[in-house]
Amino acid sequence: MLADDHRMLREGLRRSMAERGFNIVGEARDGAEAVELAAALRPEIILMDVTMPEIDGVEATRQIKARQPEIRIIMLTMHADQDVLAEAIRAGANGYLVKDCSTDEIAAAIETVAGGETALSPRLAVSMLAEVRRQDGHAEADRVITRREEEVLQLIADGCSTPEVAEQLYISQKTVKNHLASIYQKLDARDRTQAVLAAVRMGIVTLD
């Protein structure tokens, strides 16, 4: 499903995503309509603009996730506003892309998110995580993860997928997923994005 107040952008996205084999089940013109259509259509993934009238994309994401947590949402933004991006994470968004990315990058992000991974635009990831680290730089770790879990999390922070982590550490993908499950529990995180954010605040992992 698409949610954007610019008709031309929606039409362009619809055409380009349809050409890549994705089925667009609906289009919302603002955040309030996005919440309504999400409830009615129950799409697997929503491409959600951040800045929209009525209800913005972050609040729409928060409301949709509260009612339908299984729906995965990729945020699209014109500017790398760190405060908004941090709020989007807390709202439960699963991906973050700048609008100057290519349609191929959007398609890749949809596939990544559909597979249960988090899609982060590299430029957004660096700015967002660096800002969160700056704001919470004095936070102390009240939970400890193992050295191997730190290695896994560092590779995730570097942008590696589960298969890439497994390859680099010479372990199975199942072992990587087990490590991630343990990390989520110890850091009280819902997904890898929240885990990385928590680890950056604690100084467990670093960003290049």
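Quick note: the coordinates plus some simple rules give every number you see, no bench work behind them. Note that the structure is a prediction, hence the values are computed from the model and not measured. Don't worry about glycine lacking a Cβ; one is built from the backbone with ideal geometry, like all the others, and counts go over all protein chains shown.
Relative to the Cα centre, what is the charge dipole magnitude of the stretch 2-121, using +1 at the beta carbon of each Lys and Arg, -1 at the beta carbon of each Asp and Glu, and rounding to the nearest 20 debye?
Roughly 300 debye for the stretch 2-121.
List the lysines whose alpha-carbon lies under 25 Å from that of K65, not counting same-chain residues fewer than 8 positions away?
K99, K177, K186
Please report the net charge: other residues with Cβ closer than 11 Å to the Cβ of K99, K and R +1, D and E -1.
-4
Report the semi-axes of the equivalent ellipsoid for the stretch 138-202 in whole Å, largest first, where each axis is √(5λ) for an eigenvalue λ of the Cα gyration tensor.
Result for the stretch 138-202: semi-axes of 20, 11, 10 Å.
Among I73, I24, what is the fewest-to-most ranking by other Cβ atoms within 10 Å?
Ascending number of Cβ neighbours within 10 Å: I24, I73.
If each of A66 and K99 carries a label point 7 Å out from its Cα toward its Cβ, how far apart are those two points in nm?
2.7
Does anyone have the angle between helix 103-114 and the longest principal axis of the chain? Alpha-carbon axes, 0 to 90°, nearest 10?
The angle comes out near 60 degrees.
So what's the angle, to the nearest 10 degrees on a 0 to 90 scale, between helix 122-135 and the longest Cα principal axis of the chain?
60
How far, in degrees from 0 to 90, does helix 7-19 lean away from the longest principal axis of the Cα atoms of the chain, to the nearest 10?
Orientation of helix 7-19: about 70 degrees from the principal axis.
Bins of 10 Å, beginning at zero and ending with the bin holding the largest distance: percent of Cα pairs per bin for the stretch 43-109, please.
Pairs per bin, as whole percents: 22, 57, 21, 0.
As a test of the formula, what do you get for the chain when each DSSP H run with n ≥ 4 contributes -39,500 (n - 2.57) and the sum is divided by the residue count, at 222 nm and rounded to the nearest 500 deg cm²/dmol?
-17000 deg cm²/dmol
Please list, in order along the stretch 28-40, the HN-Hα scalar couplings obtained from phi with the Karplus expression 6.51 cos²θ - 1.76 cosθ + 1.60 (θ = phi - 60°), rounded to whole Hz, x for Gly and Pro.
Computed from phi, the couplings for the stretch 28-40 are 10, 8, 7, x, 5, 5, 4, 5, 5, 5, 4, 5, 7 Hz.
For the residue pair E36 and K174, what label-to-label distance in nm results when each label sits 7 Å from Cα along the Cα-to-beta-carbon direction?
The modelled label-to-label distance comes out at 4.8 nm.
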